[in-house]
1. Quick one: angle between helix A:2-24 and the longest Cα principal axis of chain A, in degrees between 0 and 90, rounded to 10, please.
2. I'd like the Karplus ³J(HN,Hα) series for segment B:43-58: coefficients 6.51, -1.76, 1.60, θ = phi - 60°, whole numbers in Hz, and an x wherever there's a Gly or Pro.
3. Angle check, please: helix B:2-24 long axis (alpha carbons) against the longest principal axis of chain B (alpha carbons), in degrees 0 to 90, nearest 10.
4. Would you compute, for the Cα atoms of chain B, the largest minus smallest coordinate along each principal axis and list the three values in descending order, in whole Å?
5. For segment A:12-46 and segment B:1-46, write down the distance between their C-alpha centroids in whole Å.
6. Over the alpha-carbon set of segment B:37-89, work out the extent along each principal axis and list the three values in angstrom, largest first.
7. So what's the protein assembly as shown giving for Rg/Rh, alpha carbon basis, Kirkwood Rh from the mean inverse pair distance?
8. Along the Cα→Cβ direction, 7 angstrom out, place labels at residue B:69 and residue B:22. What is the inter-label distance in nm?
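What follows draws every value from the coordinates through simple rules; no lab data is involved. What you see is a predicted model; the values in this text were computed from it and never measured. Positions of Cβ are backbone-derived with ideal geometry, glycine not excepted, and every protein chain shown enters the neighbour counts.
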Amino acid sequence: MEVADRAIGLLLSVISLSIFTYYTFWVIILPFVDSEHFVHKYFLPQEYAILIPVYAGVVLICFLSVFIGYVMLKSKKKKA
Amino acid sequence: MKHIIKIMALLVALSAFWISLLQTSVLPESYTWLLPLYFVVSLGSYGLLMVGVGLMRFPTCPQEAFLLQEDIVEAKGFLKGKGVDVGSD
């Protein structure tokens, strides 16, 4: 049981660190690198650095509102 | 009520700082436009990191769990002797 917990914790930390370093690289370091350098191959074009977090935020807000609406409807139906 | 005023004051101060950064052009403009988004993403990843680290360091206390199971068995026996229904096993 605790091995599974530790594995999940480790996975979450690794995911968060990789997201942080990738995003830092993308937004801060890449504009300083010449456009001919090979490392640009590993990163999507810069517009996606804005689109992907905004899109993820919008999806999260939609999911939260759908969930809240669903719970409210279910509680109202149970009372009636 | 007071807490939300503190939060809104913090938000207003941060946006004022950001707008002043935009106007005085200390950093290149493209950086200043991306700075709030970068901070939101880094805050999210920091929260995820704290959750992961807390999961990894969670203490389980196996001896206390064993003693608790023994206490449960003893309590069930005692209550059953007194005639109380202790539920299914």
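1. The two axes meet at around 50 degrees.
2. Couplings: 5, x, 5, 5, x, 4, 5, 5, 4, x, 5, x, 4, 5, 9, 5 Hz.
3. Rounded to the nearest ten degrees, it is 30.
4. The principal-axis extents, from largest down, are 80, 33, 20 Å.
5. Computed from Cα coordinates, the inter-centre distance equals 22 Å.
6. Principal extents (largest minus smallest coordinate, Cα): 64, 23, 14 Å.
7. Rg/Rh for the protein assembly as shown comes to 1.18.
8. Taking the simple label geometry, residue B:69 and residue B:22 are separated by 6.2 nm.
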